[in-house]
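Quick notes on the structure that follows.
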Amino acid sequence: MPHRRRPTGLLALLFLLVLPAAAAHAQGGDAAFTVRGIEVDVRADNAAQARDRAFAAGQYEAFQRLMARLVPEAARDQVPDLAVEDIVPMVRDVAVSDEKASSVRYIASLGVRFKGDAVREFLRGAGVPYAEGRDEPLLVLPVFIAEAGPVLWSDPNPWRDAWTRGSAGALVPIHAPLGELADLAAISADQALLMERTALEAIAARYGVADVLVATARLDDGTDGAAALVLDLSPFGPSVPRPVRRLTLPAEADEARENLMARGVETVAAAVDEAYKAGNVIAADRGGSLLVEAPLAGLESWLALRRRLDMVSLLDGYRVSSLSTQRAQMILDHVGEPADLIDALARRGLALVLADDGRWTLRADDTAAGLR
């Protein structure tokens with residue numbers, strides 16, 4: 001049996017109480033695994049049957065949308081076609097709004113929250129590549145090209161109104177600025193259009209982000225008289241996803257401008273997510289284990305390390321091989337490549353470094369991107 005150095009006294013007892021034979025991480029509340037806006041309208045022989053069928057159809061539709069969100073388009077055909085009975089165990093809960101029911105009909109809007117670990121296990125088991133959600137938000141600057149010129153902070157700006165009605169983005173959270181006086185002082189519409197570095201850095205610093213997306217919108221009356229929303233996207237920042245630069249969204253028949261703008265927000269968010277997936281795909285059929293050593297400064301240091309490890313979704317688990325008040329030696333079981341794990345740990349304020357002698361060291365690094 002290998003020798004294990006043990007702490008002494010009361011501290012030793014505390015360490016033993018928190019030392020698991022094998023620790024598995026737990027995920028919870030990941031926004032990337034929540035799908036909202038599933039509209040259901042089902043008729044059946046009675047109200048209970050209509051509701052049950054609506055919930056089944058809603059959960060199936062939500063799962064299809066989730067796969068489209070997580071899995072790159074080129075790998076979408078690798079996702080097995082599951083029956084509702086196979087999807088339901090992966091559902092954490094269902095939220096219901098705008099509910100209407102009669103004796104034979106059920107109408108509602110559903111929000112389905114999936115169990116992140118269960119979905120990951122399904123994708124890995126099927127060998128389907130996927131992307132994890134990004135923690136760091138992206139700040140959008142919605143510039144509307146009006147007849148009198150570009151508008152950012154002043155009214156009317158229907159494009160900014162559409163962004164401020166709620167947060168956007170599924171894999172990459174996208175936030176709109178508040179439009180306060182400090183925002184106006186940081187950057188103008190013209191500076192945003194010219195991508196002036198100093199002004200962009202100022203507004204980014206104000207919101208504590210590194211990445212900014214200038215999203216310009218204008219209404220275009222084509223030669224046939226049909227209106228379209230033309231979107232131009234200009235990314236700024238060290239890790240900003242780089243979507244297609246121009247998107248054109250034709251208006252539907254008799255579509256209200258507010259609805260067209262709302263669809264524009266969804267279109268931009270989807271384009272950003274797809275661009276993010278292109279550079280952040282996890283190869284589900286790859287993985288391994290790394291023996292790492294983590295320097296500690298007592299019990300609190302160890303507990304803080306465990307809390308951060310518990311939030312790293314690429315870890316299948318971690319096994320502690322030795323533990324003292326000064327250091328912990330662990331085996332990290334992960335999916336994807338080691339480089340994927342390094343990035344995931346960095347987002348949780350942990351630096352994983354390979355030394356010249358081939359040993360891996362894991363230490364806290366509060367300058368990591370995820371803790372800005």
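The values are calculated or read from the model by the stated rules, or taken from the named source; none is laboratory data. Every value quoted in this text rests on a predicted model; they were computed, and no experiment measured them. Glycine gets a Cβ as well: all are built from the backbone with ideal geometry, and neighbour counts include every protein chain shown. Remember, those area values only see protein heavy atoms, side chains included, never the ligands or the DNA or RNA. Shrake-Rupley method; radii C 1.70, N 1.55, O 1.52, S 1.80 Å.
Table: residues versus (1) touching a strand residue (DSSP E or B) at 6+ places or on another chain (Cβ under 8 Å); (2) not aromatic (F, W, Y).
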residue: F63; (1), (2): yes, no
residue: L66; (1), (2): yes, yes
residue: E73; (1), (2): no, yes
residue: Q78; (1), (2): no, yes
residue: D93; (1), (2): yes, yes
residue: G116; (1), (2): no, yes
Query raised in the report: In the range 307-359, how many are outside any loop (DSSP other than H, G, I, E, B), among the charged types (D, E, K, R) and under 22 Å from the mean Cα position of the chain (by Cα)?
Result: 5
Query raised in the report: Filtering the range 198-213 down to residues that are in contact (Cβ under 8 Å) with a residue 24 or more places away in the chain and more than 20 Å from the chain's Cα centre (by Cα), which residue is surrounded by the fewest Cβ atoms within 10 Å (Cβ to Cβ)?
Result: R206
Query raised in the report: What pairs come up if the first residue lies in the range 254-265 and is open to solvent by less than 50 Å² (accessible area, probe 1.4 Å), the second is part of a helix (DSSP H, G or I), and their beta carbons are under 7 Å apart, counting only those six or more places apart or on different chains?
Result: M261/P158; M261/W159; M261/A162; A262/A162; G264/A162; V265/A162; V265/W163
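Tell me the strands (runs of 3 or more DSSP E) entirely within the range 41-155 that contain at least 1 residues that are modelled with pLDDT of 95 or more, in contact with a His (Cβ under 9 Å, 6 or more places away or on another chain) and of a type outside the set (G, A, S). Walk me through it before giving the result.
Details: elements: 91-101, 105-114, 138-146, 149-151.
It comes to 138-146.
Restricting to the range 161-172, count the residues that are open to solvent by 30 Å² or more (accessible area, probe 1.4 Å) and either touching a residue at least 24 places away in the same chain (Cβ under 8 Å) or in contact with a Leu (Cβ under 9 Å, 6 or more places away or on another chain) (or both).
Taking the range 161-172 as the starting set, the residues that turn out to be open to solvent by 30 Å² or more (accessible area, probe 1.4 Å) are 161, 164-167, 169.
From the residues that got through so far, the ones that are either touching a residue at least 24 places away in the same chain (Cβ under 8 Å) or in contact with a Leu (Cβ under 9 Å, 6 or more places away or on another chain) (or both) too are 161, 164-165, 169.
The total comes to 4.
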Query - In the range 37-94, the residues that are among the polar types (S, T, N, Q) and without any contact (Cβ under 8 Å) to a residue 40 or more places away in the chain - result: Q49, Q64
Query raised in the report: Going through the range 276-298 one residue at a time, which ones are closer than 30 Å to A118 by Cα, open to solvent by 20 Å² or more (accessible area, probe 1.4 Å) and at pLDDT 90 or above?
Result: E293
Query - Pairs where the first residue, in the range 146-157, is within 13 Å of P177 (Cα to Cα) and the second is part of a strand (DSSP E or B), C-beta under 7 Å, 6+ apart - result: L152/L141; L152/V143
Report task. Please determine, by comparing only the residues of the range 235-253 that are in a loop (DSSP other than H, G, I, E, B) and without any contact (Cβ under 8 Å) to a residue 24 or more places away in the chain, which one is most open to solvent (accessible area, probe 1.4 Å). Result -> R245
